[in-house]
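Here the structure comes first, spelled out in structure tokens, and everything after it is commentary.
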Amino acid sequence: MKAPGQVAGPDEPARVLAVWCPGWLEEDASGAEARAFGDVITVVEGFCPEVEILRPGLCLLAARGPARYFGGEDALARKIADAVTAHGVVCHTGVAAGQFAAALAARAVRPDGTGVVVPPGGARQFLAPHPVHVLAAPALAGQLARLGIRTLGDLAALPARDVASRFGAEGTAAQRVARGEEARRLATGPPQADLSATLEFDPPVHAEPAVFAAKGLAEQMLAGLASRGLSCVRVRVEVTDTDGRESTRLWRHDGLLSALAVAQRVRWQLDGWSSGAAAEDGPDESVCGIAMLRLVPDHLVPDEGRQLGLWGDDLISGRVERAAVRLQAMLGHESVAHPVLAGGRGPGEQVMLVPFGDIRDARHPADRPWPARIPPPAPATVYPVPRPARVIDAAGAPVTVTGRAAVSASPDALTVGDSPWLAITAWAGPWPVTERWWDERNATRRARFQLVTEDGIAWLAAVELGRWQIEARYD
Amino acid sequence: MREKTSQLTGFMGLMGRLPAAAATAIDGASSGNSVFLRAATFSRPDGASGSYGDIVVSGDAVLPVLPALAELLPAGGLARGSVVAVDRSGLLCLALVAGASAAGAWCGVAGVPDLGVVAAAGLGAAPARLMLVPDPGPGWPQVVASMLEACEVVVVRPPAQPQAEARRRLEGVLRRGGGVLVVAGEWEGAPVRLRVTRRSWAGIGDGYGSLRACRAEVVAEGRGAVTRPRPRWLWLPAPDGTVAPDETAAADLSFRGSAVTGAAARAAAAPRRAAR
């Protein structure tokens, strides 16, 4: 192992400075976090124009050049941290060889609040005490932990050949990361031809049409890449307004980019830019019109054919994407949704509506056993908000359920909302459910019933704190 | 065209009666502009004979439906460019589009915030190819027209009685684009109207059991080939979650929870309510 301070070996990746702002959420639907983080990026861009945004809250830049200019990595890290903190955002910086070590270094804050600078050749030593779970590979990390390999130091110390034979390519890549060598990037040679796509607007346009055009432009760029068997991991979005001001930003997607995803990032960038310009120069000086939009693919990788559609294996055709974008322009981003099946006991919890174009995993996976789930068939009508109802017995008294799940009397009639009373011809229940009792705000304790009324409709009803609600209808 | 349709009707009628076990899968991504079944395999329950295959699969005129529903529709499926109105049943709406969705078509749903996606998936529809606009607002005809450009089938529950002009415009969009509109509610002049008139639930008793299956009498009405109403008994859904024709359908309504819809039943119950 190399001692700290030793000169970096040939395998050592380039020096990277990470800027980490704790407390930022992962990408949310509206992109509000991404937009707000744009202010931080603007500050960091004052030090180095090439900033790679990993996600809201974390960005990286190549440290070598700026460090020479600003008098060393320590000084650069401190200056960036001070500048961002002065902007009102809590920020930590770290410098190390390779992205992974740098991102961890930014989190390892020294007691005096300054960031950690891992000396060249010291990445392995720095990484050694970290648990394997910091690798972005939960399955592999879980396996390693079960085998007693709990830290990156343990993993780095294993013979490389054994790791390769036991864990395959993923294991080898993880071990290289743990040794501070970082999984080597794939062929990142400069593009042979100009693969960027440019569109000049004459007359200049406002943000909305520019975003719309960006999607077509992104398709053009991606088609150019696809024809060469390439794919890009980052894309540089360059926007010029009529006054000649430019906004350039690198956007990264986890995985590979789709045209819609690029257009979304153009929208965020434009939103952030126009609001920033308005705050800086007064409302009269805000961005008046967009004259040029340019998309430059960055960090090219060979397309290995693993470019999936937005939702698993189902490729979404341009036809559908176009219609969805147009509808979202008409009704708002949230109004056009696509369902994701999730896990849960009630019918309302088993589906999550995700705005079209966003990617989100189900809160709770659907393929788990959910004891006390309502047995199939599933109801055809599931009310987004349960409807209030009243259920009475033959004597006209409200039907209640005791804490021990005993029904006061046979339900005899049902009314939903203000509709007329319907006689109940068959019923089943109560099926008590107590969920999330450990979480005060989300705890539920209810008893569910299935009721069949005289008109042949069946209802899924729940009684909670003596109040009846209709959750779904079987019609 | 006329001849083709009648041929289809015969074939689809046959399809409905053949056992599903004889199903074979054939590649649905075939000829020319039949983009709708792209990259999908769709099973044809008649087995070997390939002579009818092109008619159904290329989808020039008709989108496939679940075999049990083919008998109810004059074209043996969802005729492109047409409107199907469905009354009083959410599950029947979902069952109508499930066949097309399973065959690779995109389905749009507008104005149905309470759509049971799990039920749709249970019938065979692919949630990954669903586009939902729960609240299309007052401009819903425009929204539906936009959805029809992307989706082969659009289910809509109009928030208000559709104006004659909006109706005509949408019918024009349908004719030009070859989509199918399934209306959950009234649609004046719809060539086919499906209605659930009676239902009885099985599996549930007086305080025991749970809902297992439902037998429903579905009536198809409309113009042209369906001027005479055709009642059919269907399992909607069957105990295994599918939709199947009910062979024992001699109106045996001896189940608990059986019901006859209509003013008579309500009138009979009314005095009891009023007495309370």
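The values are calculated or read from the model by the stated rules, or taken from the named source; none is laboratory data. All of these numbers come straight from a predicted model, not from anything done at the bench. Cβ: placed from backbone, ideal geometry, glycine included. Neighbour counts: every protein chain shown.
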- In segment A:410-449, the residues that are more than 14 Å from A:A461 (Cβ to Cβ) and of a type in the set (D, E, K, R): A:D418, A:E435, A:R436, A:D439, A:E440, A:R441, A:R445
- Right, B:A160: over 19 Å from A:Q450 (Cα atoms) and touching a helix residue (DSSP H, G or I) at 6+ places or on another chain (Cβ under 7 Å) or not? no
- Message: If I filter segment A:399-420 down to residues being surrounded by 10 or more Cβ atoms within 10 Å (Cβ to Cβ) and away from chain B (no Cβ under 12 Å), which single residue comes out as nearest to A:I470 (Cα to Cα)?
- Response: A:V416
- Message: Condition (residue is outside any loop (DSSP other than H, G, I, E, B), touching a Pro at 6+ places or on another chain (Cβ under 9 Å) and either closer than 21 Å to B:L94 by Cβ or at pLDDT 70 or above (or both)) applied to segment A:354-362: is it met by at least one residue?
- Response: yes
- Here the residues within segment B:115-169 that are closer than 30 Å to B:P67 by Cβ, within 11 Å of another protein chain (Cβ to nearest Cβ) and not hydrophobic (A, V, I, L, M, F, W, C) are B:G116, B:G122, B:P127, B:R129, B:E149, B:E152, B:R157
- Query: Within segment A:24-40, can you find the residues that are surrounded by fewer than 20 Cβ atoms within 10 Å (Cβ to Cβ) and modelled with pLDDT of 75 or more?
  - Reply: A:D39
- Quick check: anything in segment A:226-233 without any contact (Cβ under 8 Å) to a residue 12 or more places away in the chain, farther than 23 Å from A:W273 by Cα and not in a strand (DSSP E or B)? yes
- Evaluate segment B:176-191: report whether one residue or more is on the phi > 0 side of the Ramachandran plot, within 13 Å of another protein chain (Cβ to nearest Cβ) and in a strand (DSSP E or B). no
- Note on the structure: Inside segment A:99-116, the number of residues satisfying the requirement of being in contact with a strand residue (DSSP E or B) (Cβ under 7 Å, 6 or more places away or on another chain) and surrounded by 24 or more Cβ atoms within 10 Å (Cβ to Cβ) is 4
- Test A:E471 against the stated conditions and say whether it is at pLDDT below 90 and either within 14 Å of another protein chain (Cβ to nearest Cβ) or within 32 Å of the chain's Cα centre (by Cα) (or both). no
- Item | Qualifying position, being closer than 24 Å to B:W235 by Cα and at pLDDT 90 or above, among B:L194, B:L132, B:L174, B:L148 | B:L194
- Wholly within segment A:29-142, helices (runs of 4 or more DSSP H) carrying at least 3 residues that are free of Cβ contacts under 8 Å to residues at least 60 places away in the same chain: A:32-45, A:64-70, A:73-86
- Item | Exclusive hit being under 27 Å from the mean Cα position of the chain (by Cα), of a type in the set (D, E) and within 19 Å of A:L104 (Cα to Cα), set A:E45, A:E52 | A:E52
